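What follows is one structure encoded as structure tokens, with my remarks underneath.
The values are calculated or read from the model by the stated rules, or taken from the named source; none is laboratory data. Quick caveat: nothing in here was measured; it's all calculated off a predicted structure. When we count neighbours, we look across all protein chains shown, and the Cβ atoms used for this are built from the backbone with ideal geometry, even at glycine. Protein only, heavy atoms only, side chains kept; ligands, DNA and RNA dropped before computing areas. Shrake-Rupley method; radii C 1.70, N 1.55, O 1.52, S 1.80 Å.
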Amino acid sequence: MGRNDRASFGSKLGVILASAGSAVGLGNIWRFPFETGNHGGAAFILVYIGCVLLMGIPIMIAEFVIGRRSRANTARAYQILAPGTHWRWVGRMGVLAGFLILSYYSVVAGWTLEFIGEAATNSFAGKTADGFIAAFNSFTGHPWRPALWLVVFLLATHFIVVRGIEKGIERASKIMMPMLLLLLLILAVCSVSLPGAGKGIEFLLRPDFSKVNGDVLLGAMGQAFYSLSLGMGCLCTYASYFRNDTNLPKTAFSVGCIDTAVAVLAGIIIFPAAFSVGIQPDAGPSLLFITLPNVFQQAFGGLPVVAVVLSVMFYVLLALAALTSTISLHEVVTAYLHEEFSMTRNRAAWLVTGGCIVLGIVCSLSLGIGKEYTLFGMTLFDLFDFVTAKIMLPAGGLFISLFAGWYLDKKILWEEISNRGTLKVSVYRILVFILKFVSPVAIAGIFINELGLLK
Ligand code: PFF
């Protein structure tokens, strides 16, 4: 297929919703609220917004430029823009990161399907706090149930991706993103109207600047990368399907705003409800699958129908958020195989789905019957999470920033950002400065901190 007759998104709204769909995911719902609650509430939110504006959005624009200019998958993109150099390894690392993230992310995404069923059949009713823990452990330790849901989730992702960009990814995002926003709003309103909810909002939103230290700053940057899907060519791949008149800075700004708004709303769902029933919310998957079902049960259990409806809504919300992210991860690898190995899109997608099913099942088993097999003290699931989120994404972000700031011809950067001079971009110089100096230094900081090299 020639570069000119490559598939493309059909509308501006489609571009924004698909990119925001990639960004909005499980990361917004379990990680952001907890980080905020623990790191000074509104003070953390302000630092986070600073990171999104100062680093997240500029790097997103850089990924958009690389993708749209090359009109190729993320590995080929560097070969086109920097022929004969080692930059192609940045793209290849992104493809590998996408494959690994998709494998373990789908495990948790699959759990959301089991929990929709549990919520719908009112199985949370009457369980004690220990009962929720036991039920979760017995589910994740089950030899085939989590694997079954993982396969279902990956097949759903697969069938959207094989339908192509406009009919598959764009259409699915246009249906799922508004549903997701509606569910978020309904759940947030229900949560803040619970008795005693005010304390939860206060905990989340009261700024406590005494808690802002270097750790918080670096934590906020790491969260911004993961949450905005940066550093592995996901948005670069999507941008290769953008039209020539897509306004790259404006799209990046919209995606950053939607992603942040969803994260804050998730906090407004979780904290007021948890405080209202006196349960301390914790981090990670256990928040979503142990603490929150308990919170919903206690908060709304007096009205079983309401408890059922709201908890079903919550798990549907999670499943939608996860699905719009998994399709973006799948697309990175599918586009790569399709274009680099001249196989049909269908065949490429099946290879990705099949590979992720195998790897995902191994990850899933590593949390259950294979718990005692560890590598570097981590289960395979934790290892994949660590290697991708803490090493590959920041490293990818660092290289993308250096590539756009130092290597790429400024004429190309300007042409793409301004749509060949047709848009006025007043922040262009600041953007170049950030890409050249601010992001590389900041990311190097995250890296050193996350890997504990300072301690
Ligand atoms: N941004 C997604 C989330 O917040 O859950 C996770 C993710 C998706 C990370 C796609 C990276 C990526 F390329």
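Evaluated over the chain, the count of Lys pairs having alpha-carbon atoms less than 18 Å apart is 9 (only pairs 8 or more residues apart or interchain). Carbon-plus-sulfur accessible fraction, region 74-154 (probe radius 1.4 Å, protein heavy atoms only): 66%. Across q = 0.12, 0.13 Å⁻¹, the chain modelled as identical point scatterers on its alpha-carbon atoms has Debye log10 I(q)/I(0) values of -1.01, -1.18, in the order of the q list. Within the chain, helices built from complete DSSP H runs that reach 24 Å or longer along their own axis (Cα positions) and carry a mean Kyte-Doolittle hydropathy of -1.0 or higher are 88-120, 145-162, 171-192, 248-276, 304-340, 345-365.
Please identify the chymotrypsin sites (Phe, Trp or Tyr not before Pro) of region 195-274 that satisfy two criteria: DSSP loop assignment and at most 12 other Cβ atoms within 10 Å. Which are they? Within region 195-274, no chymotrypsin sites (Phe, Trp or Tyr not before Pro) qualify (loop, at most 12 other Cβ atoms within 10 Å). The 3J(HN,Hα) values that the Karplus relation (6.51, -1.76, 1.60; θ = phi - 60°) gives for region 368-375 are, in residue order, x, 5, x, 3, 6, 7, 10, 10 Hz. Gly and Pro appear as x. The heavy atoms of Ser138 present about 80 square angstrom of accessible area, all protein chains included, probe 1.4 Å.
Ranking Ala442, Ile417, Gly405 by how far each Cα lies toward the positive end of the dipole of region 405-454 (charges on Cβ) leaves Ile417 at the top.
Taking the protein heavy atoms of region 190-312 in the context of the full set of protein chains, the accessible area attributed to carbon and sulfur is 65 percent at 1.4 Å.
Looking at the chain, the accessible area is 39 square angstrom per residue; that uses a 1.4 Å probe and ignores ligands, DNA and RNA.
With n ≥ 4 as the cut-off for DSSP H runs, can you work out [θ] at 222 nm for the chain, using -39500 (n - 2.57) per run divided by the number of residues, rounded to the nearest 500? Before the final figure, lay out the partial values.
On the way: 21 runs with 303 residues, N = 455.
Result for the chain: -21500 deg cm²/dmol, rounded to the nearest 500.
Each principal axis of the Cα cloud of region 13-56 was evaluated for its coordinate range; sorted largest first, these ranges are 36, 23, 13 Å.
Protein heavy-atom surface of region 328-455, 1.4 angstrom probe: 68% of the accessible area is carbon and sulfur, with nucleic acids and ligands not counted. Rounded to the nearest 20 debye, the dipole magnitude of the chain is 1280 debye, with +1 charges on Lys and Arg beta carbons, -1 on Asp and Glu beta carbons, and the Cα centre as origin.
Applying both filters, DSSP loop and at most 15 other Cβ atoms within 10 Å, to the GluC sites (Glu not before Pro) of region 363-455 gives Glu372. Kirkwood analysis of the Cα pair distances in region 382-455 returns a hydrodynamic radius of 13.8 Å. The accessible-area ordering, largest first, of the residues Arg345, Arg171, Arg76, Arg68 stands as Arg171, Arg76, Arg345, Arg68, per a 1.4 angstrom probe.
Checking the a/c ratio against 1.5 first, then a/b against b/c, what shape does the Cα gyration tensor give for region 229-370? The shape class here is oblate. The relative contact order of region 354-431, computed from alpha carbon pairs under 8 Å that lie at least 6 residues apart in sequence, is 13 percent. On the basis of the beta-carbon distance and an R0 of 25 Å, Ser210 and Val189 show a calculated FRET efficiency of 0.20. Using +1 at the Cβ of each Lys and Arg and -1 at the Cβ of each Asp and Glu in the chain, identify which of Ser19, Leu248, Pro394 lies farthest towards the dipole's positive end. Going by the Cα projections, it comes out as Leu248. Averaging over all projection directions, the Cα-based convex hull of region 61-173 occupies 10.2 nm² in the image plane. Below 15 angstrom from the Cβ of Pro146, what's the summed charge of the other residues (Lys, Arg +1; Asp, Glu -1)? In short, 0. At q = 0.15, 0.21 Å⁻¹, work out log10 I(q)/I(0) for region 1-148 with the Debye formula, treating every Cα as an identical point scatterer and leaving solvent out; two decimals please. Each listed q corresponds, in turn, to -1.08, -1.36.
Rounded to whole numbers, the Karplus 3J(HN,Hα) couplings from phi for region 420-437 are 6, x, 8, 10, 8, 10, 6, 8, 4, 5, 5, 4, 5, 4, 4, 5, 6, 10 Hz, using 6.51 cos²θ - 1.76 cosθ + 1.60 with θ = phi - 60°, and x at Gly and Pro. Between the residues Ile186, Val362, Pro58, the greatest Cα displacement towards the positive end of the dipole of the chain, with unit charges on the Cβ of Lys, Arg, Asp and Glu, is found for Pro58.
Measuring max minus min along each principal axis, the C-alpha atoms of region 154-272 give extents of 47, 35, 29 Å (largest first).
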